[in-house]
Every structure is written in structure tokens, then in C-alpha cells.
Amino acid sequence: MIGDIEGKENLWVFVEQFKGVPKQVSLELIAKARMLADRFGLRVAALLIGDNVRNVSPVLINAGADDVFLLEDPLLSQYRSDFYAPVILDLIRKGKPGAVFFGATPIGRDLAPAVAALAETGCTADCIDLELTENGALLQTVPAFGGRMMAVIVTPERRPQIATVRLGVFQQAWFPEHNGRVVDISPQLTQAKFDLVEFVEESLQPSLLFSARVVVAGGAGVDSREGWELLRELAGVLQGALGGSRPALDNGWIRESQMIGHSGSTIRPDLYIAVGISGDVLHMVGVQDAKVIVAVNSDSRAPIFSNSDYGIIGDYREVIPVLINAVKKKQRS
Amino acid sequence: MHVAVCVKMVPAPGQWSRIVFRDDGSLQREGIELIINPVDRNALEEALKIRQARGGTVAVFSMGPPSCLEHLREALAMGADRAFLLSDRNFAGADTLATSRALAAGIKKEMPGFDLVLCGSASIDSGTAQVGPQLAAYLGAAHLTEAFSISVGEQNCFQVRTAGSHGYFVTDLRKPAVISVTKQLNKPRIPTLFDIMASCNKEIIILSSAELSLPKSESGLEGSPTKVRELFFSPARRLARILEGSMEDRVEELLRQPGVAGVLK
């Protein structure tokens with residue numbers, strides 16, 4: 001049933017869901033797969049694994065999936081690599097997809113490389129773009145280390161081509177008229193390699209970064225409590241969220257969930273204000289889809305200025321209070 | 001308890017601008033100062049603590065050019081018993097899969113009775129976080145990633161806490177297992193002068209692909225399913241307009257720009 005479209009290298013998306021709600025990144029990946037598949041007459045399949053998760057299927061079909069491969073078992077109710085990876089490997093061997101996409105979440109980053117190793121194929125982490133060529137090659141763009149470069153990675157000889165993508169890199173789509181089918185597959189569970197004692201739910205603050213229209217972020221140049229209070233105030237008057245770059249996290253000014261950039265969050269606000277951020281590519285890939293980028297930095301040679309729309313060269317302690325007052329004034333008028 | 005620790009030597013962050021790419025897409029790293037990937041030190045620290053509590057041995061494995069030797073010396077000074085450097089021209093240009101295959105071969109050969117493999121969750125240079133899970137696949141072992149607490153229980157069972165998106169998992173892991181650890185796990189020790197002197201008697205063994213029975217087709221660039229097809233400079237697509245005038249004028253002008261003014265409404 002899953003391999004019934006002979007000779008086509010279809011596109012699959014591993015769907016992550018929590019309590020019956022699919023993760024945003026999974027829906028974004030289905031939308032991207034849909035776009036790529038339509039160009040070459042391929043099908044998009046969503047891999048839905050869990051226990052009592054059938055009711056997630058309609059959302060996945062509306063998000064763009066043609067097939068929902070549904071694998072249900074009480075033992076699969078919580079994610080665990082020792083069951084999930086062999087089950088997906090088994091599916092891959094039967095369905096022979098051209099590519100499988102995973103969200104670059106803690107689970108996706110645990111699972112995708114394991115599946116790739118079992119299938120002896122390539123896995124490309126944290127892609128910021130995916131393109132498909134006529135001959136089925138997946139062009140996976142990743143920021144190349146150290147600098148101002150991007151690399152296009154391919155997996156020329158092995159299938160499937162496995163890629164992980166962070167939340168917010170692609171945009172979700174909605175196809176209310178789209179028809180899809182649910183394919184029930186009974187998972188062949190292998191021997192457990194560990195015992196999952198418990199999953200302790202933590203009500204983590206949902207990160208406001210992803211939904212905020214305005215994001216104010218600080219970097220290595222903001223190095224005092226007073227400085228961060230200024231940024232917080234600016235974010236407040238703009239009804240935006242506060243974030244930061246890698247040095248801000250390393251220096252303890254922000255939490256992990258607030259870090260923007262390649263190893264943190266990818267965001268797409270309408271307005272991004274970067275304060276004291278030098279703007280290396282590893283940071284900028286996290287904000288490349290912001291509509292407008294404003295940079296405030298005292299170093300006129302900082303690369304951020306060529307990667308922004310508007311730049312103010314100056315000490316943020318001087319710039320930000322003027323900006324706060326001007327915004328307040330505009331809001332009153 | 002026999003623990004293998006995998007460490008990666010990465011270019012020191014201040015040196016990144018000096019790295020260039022060769023025509024085949026691999027990195028030209030010669031002459032660039034290397035450091036032990038920071039979170040890999042946490043993996044080594046945890047292994048040393050486990051040895052302290054349960055006895056056994058700690059062996060460090062790394063893959064890289066001969067310039068990595070001095071950094072393995074540092075791992076020995078921290079307290080590792082043995083160190084192995086997988087170093088061979090055939091290993092050059094390896095992606096995560098070829099790296100994992102080689103490291104797994106090294107561990108199988110030199111520490112066949114291993115109970116645990118520890119590695120840092122991700123490297124600061126490429127940051128894929130893939131080697132832990134892929135090593136486990138080659139070793140036929142269980143794996144966990146993002147571990148922030150490890151306790152060794154009875155019968156060599158480990159209880160591990162790992163971070164997830166909506167909370168954390170508590171897992172009882174049987175040996176053999178591969179665990180990728182985070183910086184929250186512990187605070188790595190700094191070797192004393194005495195430690196450094198004592199480590200001079202310890203040996204670092206270099207392993208070639210032939211010694212690991214890995215043919216060229218399964219090593220390095222050739223044994224890597226992923227290839228770099230193209231490298232390019234990220235295109236500039238921003239206005240890059242520097243605002244001039246008094247601070248008040250500059251801020252006023254900024255707030256007049258359509259993309260900015262629209263957001264204030």
C-alpha cells in the first residue's frame with residue numbers, strides 16, 4: 001500500500017505531535033513538500049506515529065499531505081528512538097521515498113540522524129532552504145561554518161535524502177479542498193533498548209519570539225543589566241518580544257529559548273531591531289525572513305549594517321532612549 | 001564500567017574567519033588554532049566521575065589531523081586513561097555518517113567491552129548533533145541526546161534525564177549505550193600542573209583506516225553520502241541604509257519608513 005506508486009521518489013514528512021496537536025514545524029514541512037511535489041507530480045506523505053492519534057490526520061491532509069501513514073501502538077505513545085527509528089527504517093524500505101523531512105526539534109534531531117545511519121544515507125541538519133531538481137536531487141542549503149557563506153549539500157547516491165529544518169524556515173499553507181487518504185500500517189516493533197520511566201511535562205513559556213510582529217534583540221555589545229532593561233522597555237512599547245544572539249546567551253542575559261540564530265530560533269517578524277549584534281551569518285540566518293531589519297551598533301564596520309535595511313551607528317545607551325520616547329510620542333498622536 | 005568519550009577538535013571561535021574551503025568543498029584548516037569542543041569536556045568530566053564512583057577505565061577517541069594530538073594530551077591530563085586519534089588521509093572530508101562509522105570502528109577495536117559512550121551534544125563549528133545517534137546505530141547500542149543528568153544505578157543501569165520540547169524524559173538505560181550530553185550536566189575540571197605532568201606517561205595511539213579495516217570507499221569524503229555541491233556568498237538583499245543626522249533626526253526618519261511606521265499602528 002505504501003509503495004504502490006512505483007518509480008516515484010515521493011516526499012515524506014515525519015510529523016511530531018503533542019497531545020494530538022501537530023507541531024507547527026511539521027505543518028510547515030508538509031507545505032514545503034507539497035510545493036516541491038506538485039512541480040514533479042510526486043505525492044506527499046505524513047508519517048503519523050503514536051497512540052490514538054488518528055484524529056490528527058485531517059489537519060495533515062489540509063496542510064497538504066496526500067497520504068497519512070498512520071502507525072499506532074500503545075508503546076509508541078511517547079517518542080523513543082529505540083522504537084521510532086526502526087519503525088521508520090522499515091517504512092522507508094517498503095515505500096522508498098526520495099526524501100524524508102524532520103523538524104529540527106529535540107525529537108527530530110534525535111531521530112533523523114539515527115534513521116539516516118540505519119538506512120546508510122545522508123542527513124543534513126538545519127537546512128534553511130530545500131529545492132528539488134528534475135532528477136530528484138534535493139538541494140539542501142545550510143549556512144557554511146565560520147562566515148559569510150552558504151553551502152548546498154546533496155546526497156547523490158543514497159535514498160532517501162534526509163533533512164532537518166527548524167521552526168519558521170518555511171511557511172505553513174492550508175488546502176481546505178485537498179483530498180488525502182489515511183493508510184493504516186501496523187508497526188513492527190523491535191526489542192526495547194531502554195525503559196522510559198516517565199515524561200515530566202514542564203509548562204515552558206511558549207516562546208513569544210515566533211509569533212511576535214516585532215522582535216528586539218541584543219548581542220555582545222549589550223553588556224549590562226541597565227542595557228537589557230532598556231531593550232526590554234523598547235520591546236514593551238513596541239508590544240514585541242525580547243531575544244538575543246549567541247553571546248547574549250553565553251553571557252547569561254537571555255534564556256536558551258530566546259536565542260536567535262542558526263543554533264537557536266529562526267523567526268520572521270515584521271520588524272527586527274538588532275542592538276549590539278555584530279551580525280555574523282550564523283545569527284543572520286535566523287532572521288533572514290524578517291520584513292525589515294534595523295541595526296544599532298557603535299562599530300561602523302560591523303557586518304550587521306550590510307545585512308540590515310536601516311542602520312544607526314551609535315551607542316545603544318544613547319539611541320534606545322531616544323527611540324523609546326519617539327515611539328511613545330507616535331503612539332500618543 | 002568502561003566508558004569511551006568522543007571528542008572533536010574544532011577551530012577556536014576567534015579563528016573562524018581564517019578558514020577557507022578547498023575546491024572539493026572540504027575545509028582548509030592548516031595553521032588554525034584548535035580547541036576541544038567545549039561541551040565534549042562535559043562528556044569527559046562525566047566519564048571521570050563515573051569511573052571515580054564505579055571504577056573502570058575511560059578512553060578518549062577523536063578523529064582529525066595529527067595537530068589534534070596535543071589536545072588529546074589535555075584530555076589525558078584531565079584524567080582519561082587512554083587516548084586514540086583516528087588520523088589518516090583517507091578520513092579527510094568525512095561527513096557525520098563516515099565520522100560515526102570510523103569512531104564506532106575505533107571503539108569496537110580498542111574498547112570492545114565498553115559500557116557507555118559519551119559525547120558532547122553538538123560541536124560549535126558545524127553543530128549538527130548527529131554523531132551521537134549515528135554512532136549508536138553503528139554500535140548497535142541505544143542512544144539518548146540532550147542529557148542533563150546521568151546517575152549510575154545498580155546492575156550498571158543508568159538513569160538519564162534528557163530535554164524534550166514540552167518537558168523532560170526520565171529513562172532507564174541498559175548498557176551498552178551512547179549518550180550525548182549538554183553543558184548543564186557538570187562543570188569540567190581544569191587539570192593541575194601535577195595532572196599535566198602525570199599525563200606525560202600516558203600513551204596516545206594513532207589509528208589508521210587500515211588498522212580499523214575501513215576501506216577507502218567507506219572512509220572520509222568517499223564514504224560520505226552527503227557532498228558539498230556548491231558554496232556561495234550569501235547574497236545581500238537588504239537596503240543597508242545608514243541613517244545620518246542628529247540622534248533625534250535619525251530616529252524620526254527611521255520611524256517614517258513604511259516598513260517601520262506600519263508596525264507602530
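Where a number appears in this text, it was derived from the coordinates with a stated rule and is not lab data. Nothing here was measured: the structure is a model prediction, and the numbers come from that model. Methodologically, a virtual Cβ is constructed for each residue, glycine included, from the backbone with ideal geometry; neighbour enumeration extends over all protein chains shown.
In this structure, the amide hydrogen of B:SER149, modeled 1.01 Å from its nitrogen in the peptide plane, lies closer than 5 angstrom to those of B:ARG161, counting only residues at least 5 positions away or on a different chain. Can you tell me which of B:SER149, B:SER87, B:SER165 moves the most in a GNM of chain B? Springs connect C-alpha atoms under 10 Å apart. Largest GNM mean-square fluctuation: B:SER165.
Compute the Rg/Rh shape ratio of region B:2-218: radius of gyration over Kirkwood radius, all on alpha-carbon atoms. If you can, show how the numbers build up before the last one.
Details: Rg = 16.6 Å, Rh = 17.5 Å.
My calculation puts Rg/Rh at 0.95.
Note that region A:46-56 has calculated 3J(HN,Hα) couplings of 9, 8, 10, 10, x, 10, 6, 10, 3, 5, 7 Hz, one per residue in order, obtained from phi through the Karplus relation 6.51 cos²θ - 1.76 cosθ + 1.60 (θ = phi - 60°); glycine and proline are x.
Kirkwood's formula applied to the C-alpha pairs of region A:208-332 gives a hydrodynamic radius of 13.9 angstrom. Give me the distance between the Cα centres of region B:213-231 and region A:200-250, rounded to whole Å. So the separation of the two Cα centres works out to 41 Å.
Enumerate the helices in chain A for which the Kyte-Doolittle hydropathy averages 0.0 or more and the C-alpha atoms extend at least 15 Å along the helix's axis, using complete DSSP H runs. Those that clear 15 Å and a mean of 0.0 are A:24-40, A:81-95, A:106-118. Extension gain for A:VAL200 to A:GLU157 (0.36 nm times residue separation, less C-alpha to C-alpha distance): 11.3 nm. Considering every alpha-carbon pair of the protein assembly as shown, the percent of pairs per 20 Å bin, from zero through the bin containing the longest distance, is 20, 51, 27, 2.
So, counting K/R as plus one and D/E as minus one, what does the shell of residues with Cβ under 15 Å around B:GLY262 add up to? Neighbour charge sum, excluding B:GLY262 itself: +3.
Calculated FRET efficiency, A:ASP315 and B:LYS265, Cβ-Cβ r, R0 45 Å, to nearest 0.05?
0.95
Computed from backbone phi with θ = phi - 60° and the Karplus coefficients 6.51, -1.76 and 1.60, the 3J(HN,Hα) list for region B:250-265 is 5, 5, 4, 5, 4, 6, 7, 5, x, x, 8, 4, x, 6, 6, 5 Hz; x is used for glycine and proline. Taking every DSSP bridge with both residues inside chain A, close to 20 percent are antiparallel.
Here the Gaussian network model covers chain A, with springs between Cα atoms less than 10 Å apart; of A:LEU36, A:LEU71, A:LEU118, A:LEU118 fluctuates the most.
Phi angles across region A:275-282 convert, under the Karplus curve 6.51 cos²θ - 1.76 cosθ + 1.60 with θ = phi - 60°, into 3J(HN,Hα) values of 10, x, 10, 5, x, 6, 4, 5 Hz, Gly and Pro given as x. Computed over chain A with a Gaussian network model linking Cα atoms closer than 10 Å, the most mobile of A:PHE170, A:PHE199, A:PHE18 is A:PHE199. If exposed GluC sites (Glu not before Pro) are those in a DSSP loop with at most 14 other Cβ within 10 Å, what is the longest stretch of chain B that has none? By the stated rule (loop sites, at most 14 other Cβ atoms within 10 Å), B:34-202. Shape summary: region B:209-248 maps onto an equivalent ellipsoid whose semi-axes, from the alpha-carbon gyration tensor, are 52, 12, 5 Å in decreasing order. So, R0 is 51 Å and r is the distance between the beta-carbons of B:LEU255 and B:SER149; what FRET efficiency does that work out to, to 0.05? So, using R0 = 51 Å, E works out to roughly 0.60. If I fit a long axis through the Cα atoms of helix B:38-54 and take the longest principal axis of the Cα atoms of chain B, what angle between them do I get, 0 to 90°, rounded to 10? Between helix and principal axis, roughly 30 degrees. Database remark: amide H of B:MET63 closer than 5 angstrom to the amide H of B:MET9, B:LEU86 (H placed geometrically; neighbours at sequence offset of 5 or more, or on other chains; Pro and chain starts carry no H). Normalising by residue count, chain A has a Cα convex hull of 156 Å³ per residue. Under the simplified labelling scheme, the B:HIS166-A:ASN52 pair shows an inter-label distance of 1.3 nm, with each label point 7 Å from Cα along Cα→Cβ. In this structure, the pairs whose alpha-carbon distance is over 31 Å, taken from A:LYS291/B:LYS8; B:LYS175/B:LYS227; B:LYS108/B:LYS202; A:LYS32/A:LYS96; A:LYS19/B:LYS227; B:LYS109/B:LYS202, are A:LYS291/B:LYS8; B:LYS175/B:LYS227; A:LYS19/B:LYS227. Rounded to the nearest 5, the antiparallel percentage of DSSP beta bridges internal to the protein assembly as shown is 35%.
Here r is the Cβ-Cβ distance between A:ARG255 and A:ARG225 and R0 is 22 Å; the resulting FRET efficiency, rounded to 0.05, is 0.90.
Taking the fewest neighbouring Cβ atoms within 10 Å as the starting point, the ordered list for A:HIS178, A:HIS283 is A:HIS178, A:HIS283.
Counting neighbouring Cβ atoms within 10 Å and putting the fewest first, the residues A:ASP315, B:ASP88, B:ASP40 line up as A:ASP315, B:ASP88, B:ASP40. Taking amide H as placed 1.01 Å from N in the peptide plane, A:VAL183 has its amide H under 5 Å from the amide H of A:VAL68, A:PHE69, A:LEU70, each at least 5 places away in sequence or on another chain.
Checking Cβ-Cβ separations below 4.7 Å across chain B identifies B:CYS68, B:CYS157, B:CYS200 as cysteines lacking any candidate disulfide partner. Across peptide A:316-325, the average count of Cβ atoms from other chains found within 10 Å of a residue's Cβ is 2.
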